[in-house]
Amino acid sequence: MDKKIEIFILTHKEITESYDDSIYKPLLNCAVYNDKGFGYLNDNTGDNISKLNPDYSELTGQYWAWKNTDNDIIGFCHYRRWFIRNFKLDKLTKEDILKSLDEYDIILAKKMKLRCSHEEFILENLKKEGKPEIDEIGIAIRNVLEKYYPEYVEDYDDYLAGNYLHAFNMFISNRQLVDDYFKWLFDFLSKFDEEINIINNVKLIFF
(Lines give C-alpha, C1' and ligand atoms only; values in the text may rest on other atoms or scores of the structure.)
Protein backbone atom coordinates (compact mmCIF):
# COMPACT_ATOMS: atom_id res chain seq x y z
CA MET A 1 0.00 0.00 0.00
CA ASP A 2 1.32 3.45 -0.92
CA LYS A 3 1.93 5.44 2.25
CA LYS A 4 0.57 8.97 2.56
CA ILE A 5 3.42 11.33 3.45
CA GLU A 6 2.94 14.94 4.51
CA ILE A 7 5.83 17.15 5.58
CA PHE A 8 4.45 20.44 6.89
CA ILE A 9 6.46 23.59 6.23
CA LEU A 10 5.65 25.58 9.35
CA THR A 11 5.76 29.26 8.45
CA HIS A 12 4.44 32.71 9.26
CA LYS A 13 5.64 34.21 5.95
CA GLU A 14 5.17 33.45 2.28
CA ILE A 15 7.49 30.70 1.02
CA THR A 16 9.57 31.65 -2.03
CA GLU A 17 11.57 28.43 -2.46
CA SER A 18 10.46 25.59 -4.74
CA TYR A 19 9.40 22.26 -3.24
CA ASP A 20 7.59 19.05 -4.13
CA ASP A 21 3.99 19.89 -3.27
CA SER A 22 2.98 16.22 -3.40
CA ILE A 23 4.57 15.75 0.04
CA TYR A 24 5.52 19.22 1.31
CA LYS A 25 2.56 21.25 2.63
CA PRO A 26 2.90 24.89 3.75
CA LEU A 27 1.12 25.48 7.05
CA LEU A 28 0.63 29.06 8.25
CA ASN A 29 1.23 29.30 11.97
CA CYS A 30 -0.41 31.97 14.13
CA ALA A 31 -3.10 32.24 11.43
CA VAL A 32 -5.63 33.52 13.94
CA TYR A 33 -3.61 36.75 14.03
CA ASN A 34 -2.63 36.77 10.33
CA ASP A 35 -5.27 37.47 7.68
CA LYS A 36 -2.98 36.99 4.66
CA GLY A 37 -3.41 33.23 4.45
CA PHE A 38 -1.24 32.92 1.32
CA GLY A 39 -3.51 30.11 0.13
CA TYR A 40 -1.79 27.75 2.59
CA LEU A 41 -3.22 25.45 5.21
CA ASN A 42 -3.94 27.59 8.27
CA ASP A 43 -3.52 26.53 11.89
CA ASN A 44 -6.73 28.28 13.00
CA THR A 45 -9.14 25.84 11.32
CA GLY A 46 -10.64 22.64 12.68
CA ASP A 47 -9.33 21.50 16.05
CA ASN A 48 -6.70 24.14 16.81
CA ILE A 49 -4.77 26.16 19.39
CA SER A 50 -3.68 28.93 17.01
CA LYS A 51 -4.29 31.68 19.57
CA LEU A 52 -1.53 30.18 21.74
CA ASN A 53 1.13 30.76 19.06
CA PRO A 54 2.80 33.72 20.82
CA ASP A 55 3.63 31.29 23.63
CA TYR A 56 3.74 27.92 21.82
CA SER A 57 5.39 28.98 18.54
CA GLU A 58 5.64 26.07 16.06
CA LEU A 59 3.66 23.79 18.38
CA THR A 60 0.37 25.35 17.25
CA GLY A 61 1.09 24.17 13.71
CA GLN A 62 2.18 20.76 14.94
CA TYR A 63 -0.98 20.44 17.03
CA TRP A 64 -3.09 21.32 13.99
CA ALA A 65 -1.36 18.75 11.78
CA TRP A 66 -1.73 16.09 14.47
CA LYS A 67 -5.43 16.71 15.02
CA ASN A 68 -6.60 17.45 11.47
CA THR A 69 -4.74 15.03 9.18
CA ASP A 70 -4.68 11.28 8.61
CA ASN A 71 -1.24 10.74 7.08
CA ASP A 72 0.81 7.57 7.54
CA ILE A 73 4.08 9.51 7.81
CA ILE A 74 4.20 13.03 9.17
CA GLY A 75 7.03 15.54 9.47
CA PHE A 76 7.81 19.19 10.11
CA CYS A 77 10.20 21.74 8.65
CA HIS A 78 10.57 24.56 11.17
CA TYR A 79 9.94 28.06 9.83
CA ARG A 80 11.22 27.28 6.34
CA ARG A 81 14.26 25.25 7.41
CA TRP A 82 14.57 22.08 5.33
CA PHE A 83 15.78 18.51 5.61
CA ILE A 84 18.41 18.18 2.88
CA ARG A 85 20.10 15.26 1.14
CA ASN A 86 23.53 16.70 0.39
CA PHE A 87 25.70 19.80 0.19
CA LYS A 88 23.75 20.88 -2.90
CA LEU A 89 20.86 21.51 -0.49
CA ASP A 90 18.54 19.12 -2.32
CA LYS A 91 15.45 18.55 -0.20
CA LEU A 92 14.53 15.05 0.98
CA THR A 93 12.36 13.19 -1.51
CA LYS A 94 9.59 10.71 -0.82
CA GLU A 95 11.99 7.91 -1.72
CA ASP A 96 14.62 9.25 0.72
CA ILE A 97 12.08 9.37 3.53
CA LEU A 98 10.69 5.88 2.95
CA LYS A 99 14.17 4.38 2.70
CA SER A 100 15.31 6.02 5.94
CA LEU A 101 12.17 5.01 7.86
CA ASP A 102 12.60 1.41 6.72
CA GLU A 103 15.79 1.40 8.78
CA TYR A 104 15.11 3.99 11.51
CA ASP A 105 12.11 5.08 13.60
CA ILE A 106 12.59 8.81 13.11
CA ILE A 107 14.45 11.37 11.02
CA LEU A 108 15.84 14.31 13.03
CA ALA A 109 17.74 17.50 12.35
CA LYS A 110 21.50 16.98 12.53
CA LYS A 111 22.82 17.03 16.08
CA MET A 112 24.38 20.37 17.11
CA LYS A 113 26.97 21.04 19.80
CA LEU A 114 26.69 24.03 22.13
CA ARG A 115 29.79 25.67 23.60
CA CYS A 116 28.49 24.97 27.12
CA SER A 117 25.84 22.90 28.87
CA HIS A 118 22.15 23.60 28.27
CA GLU A 119 21.77 24.79 31.85
CA GLU A 120 24.72 27.21 31.56
CA PHE A 121 23.38 28.48 28.23
CA ILE A 122 19.93 29.18 29.70
CA LEU A 123 21.27 30.99 32.77
CA GLU A 124 23.70 33.01 30.65
CA ASN A 125 20.88 34.22 28.42
CA LEU A 126 18.65 35.07 31.37
CA LYS A 127 21.45 37.26 32.69
CA LYS A 128 21.90 38.97 29.30
CA GLU A 129 18.17 39.73 29.19
CA GLY A 130 18.29 41.28 32.66
CA LYS A 131 16.03 38.61 34.11
CA PRO A 132 16.45 36.95 37.51
CA GLU A 133 19.20 34.35 37.36
CA ILE A 134 16.69 31.65 38.22
CA ASP A 135 15.25 29.45 35.49
CA GLU A 136 11.58 29.42 36.53
CA ILE A 137 10.67 27.50 33.39
CA GLY A 138 13.30 24.85 34.13
CA ILE A 139 12.08 24.54 37.71
CA ALA A 140 8.48 24.14 36.52
CA ILE A 141 9.49 21.48 33.99
CA ARG A 142 11.27 19.45 36.65
CA ASN A 143 8.39 19.81 39.11
CA VAL A 144 5.90 18.48 36.54
CA LEU A 145 8.20 15.60 35.63
CA GLU A 146 8.65 14.66 39.28
CA LYS A 147 4.89 14.75 39.91
CA TYR A 148 3.58 13.08 36.77
CA TYR A 149 6.43 11.55 34.73
CA PRO A 150 9.19 10.51 37.17
CA GLU A 151 10.65 8.12 34.62
CA TYR A 152 11.86 11.17 32.64
CA VAL A 153 13.55 13.09 35.48
CA GLU A 154 16.96 11.48 34.96
CA ASP A 155 16.76 12.13 31.20
CA TYR A 156 15.89 15.77 31.86
CA ASP A 157 18.84 16.22 34.20
CA ASP A 158 21.15 14.56 31.66
CA TYR A 159 19.84 16.93 28.98
CA LEU A 160 20.54 20.02 31.09
CA ALA A 161 24.06 18.80 31.86
CA GLY A 162 24.74 17.96 28.20
CA ASN A 163 25.63 20.23 25.31
CA TYR A 164 24.13 18.48 22.29
CA LEU A 165 20.71 18.99 20.77
CA HIS A 166 18.57 18.25 17.72
CA ALA A 167 17.35 21.78 17.08
CA PHE A 168 14.16 23.39 15.76
CA ASN A 169 11.66 20.64 16.73
CA MET A 170 12.05 19.12 13.26
CA PHE A 171 11.35 15.44 12.67
CA ILE A 172 9.75 12.93 10.30
CA SER A 173 8.23 9.70 11.59
CA ASN A 174 5.39 7.23 11.33
CA ARG A 175 1.97 8.21 12.58
CA GLN A 176 1.92 5.98 15.66
CA LEU A 177 5.14 7.39 17.08
CA VAL A 178 3.94 10.95 16.43
CA ASP A 179 0.57 10.21 18.08
CA ASP A 180 2.33 8.87 21.17
CA TYR A 181 4.66 11.88 21.31
CA PHE A 182 2.00 14.55 20.93
CA LYS A 183 -0.38 12.88 23.39
CA TRP A 184 2.41 13.02 25.96
CA LEU A 185 3.63 16.51 24.99
CA PHE A 186 0.31 18.33 25.11
CA ASP A 187 -0.69 16.58 28.32
CA PHE A 188 2.64 17.71 29.76
CA LEU A 189 2.07 21.29 28.55
CA SER A 190 -1.36 21.52 30.18
CA LYS A 191 0.19 20.53 33.50
CA PHE A 192 3.17 22.79 32.89
CA ASP A 193 0.97 25.84 32.29
CA GLU A 194 -0.59 25.31 35.71
CA GLU A 195 2.79 24.83 37.36
CA ILE A 196 4.46 27.89 35.84
CA ASN A 197 1.58 30.08 37.02
CA ILE A 198 1.94 28.67 40.52
CA ILE A 199 5.67 29.45 40.60
CA ASN A 200 5.73 33.02 39.39
CA ASN A 201 2.75 33.80 37.17
CA VAL A 202 5.04 34.04 34.10
CA LYS A 203 4.26 33.20 30.50
CA LEU A 204 5.53 30.11 28.72
CA ILE A 205 7.70 30.92 25.71
CA PHE A 206 9.06 28.32 23.26
CA PHE A 207 11.88 29.31 20.94
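The values are calculated or read from the model by the stated rules, or taken from the named source; none is laboratory data. These numbers come from a predicted model, not from an experiment. Positions of Cβ are generated from backbone atoms using ideal geometry, with glycine treated the same way; all protein chains shown enter the neighbour counts. What goes into the accessible areas is simple: the full protein's heavy atoms, side chains included, and nothing from ligands, DNA or RNA. Shrake-Rupley method; radii C 1.70, N 1.55, O 1.52, S 1.80 Å.
Restricting to the range 123-154, name every residue that is β-branched (V, I, T) and open to solvent by less than 70 Å² (accessible area, probe 1.4 Å). Full working, then the answer.
Of all residues in the range 123-154, those β-branched (V, I, T) come to 134, 137, 139, 141, 144, 153.
Within the range 123-154, I137, I141, V144, V153 meet the criteria.
Quick one: would you say F168 is in contact (Cβ under 8 Å) with a residue 60 or more places away in the chain, under 18 Å from the mean Cα position of the chain (by Cα) and open to solvent by 80 Å² or more (accessible area, probe 1.4 Å)? Before the answer, list the steps.
On the way: in contact (Cβ under 8 Å) with a residue 60 or more places away in the chain: yes; under 18 Å from the mean Cα position of the chain (by Cα): yes; open to solvent by 80 Å² or more (accessible area, probe 1.4 Å): yes.
Taking the combined requirement at face value, the residue satisfies it.
I need every pair where a residue in the range 26-38 that is farther than 17 Å from H78 by Cβ has its Cβ under 6 Å from the Cβ of a residue that is open to solvent by 30 Å² or more (accessible area, probe 1.4 Å), sequence separation at least 6 or different chains.
From the range 26-38, the pairs are V32/N44; V32/K51; F38/E14.
Since D105 meets every condition but one in (1) touching a strand residue (DSSP E or B) at 6+ places or on another chain (Cβ under 9 Å); (2) within 23 Å of Y79 (Cα to Cα), which condition does it not meet?
(2)
With the requirement that a residue be over 30 Å from S18 (Cα atoms), more than 19 Å from the chain's Cα centre (by Cα) and of a type in the set (V, I, T), what does the range 90-142 give you?
I134, I139
When you go through L59, L101 one by one, which is the residue that is open to solvent by less than 30 Å² (accessible area, probe 1.4 Å) and out of contact with any Pro (no Cβ under 8 Å at 6 or more places or on another chain)? Before the answer, list the steps.
Details: L101 fails: open to solvent by less than 30 Å² (accessible area, probe 1.4 Å).
Unique residue meeting the criteria: L59.
Might you let me know whether the range 31-41 holds any residue that is in contact with a helix residue (DSSP H, G or I) (Cβ under 7 Å, 6 or more places away or on another chain), under 19 Å from M170 (Cα atoms) and surrounded by 15 or more Cβ atoms within 10 Å (Cβ to Cβ)?
no
Under 8 Å between Cβ atoms, at least 6 apart or on separate chains: pull out the pairs that start in the range 1-19 with a residue that is surrounded by 12 or more Cβ atoms within 10 Å (Cβ to Cβ) and end on any residue that is among the basic types (K, R) and in a loop (DSSP other than H, G, I, E, B).
E14/K36
Checking H78 against (1) closer than 24 Å to L185 by Cα; (2) open to solvent by 20 Å² or more (accessible area, probe 1.4 Å); (3) of a type outside the set (F, W, Y), which single condition isn't satisfied?
Here H78 clears every test but (2).
Report yes if D70 is surrounded by fewer than 15 Cβ atoms within 10 Å (Cβ to Cβ), modelled with pLDDT of 95 or more and either touching a helix residue (DSSP H, G or I) at 6+ places or on another chain (Cβ under 9 Å) or more than 25 Å from K111 (Cα to Cα) (or both), otherwise no.
Numbers: surrounded by fewer than 15 Cβ atoms within 10 Å (Cβ to Cβ): yes; modelled with pLDDT of 95 or more: yes; either touching a helix residue (DSSP H, G or I) at 6+ places or on another chain (Cβ under 9 Å) or more than 25 Å from K111 (Cα to Cα) (or both): yes.
So D70 passes the test.
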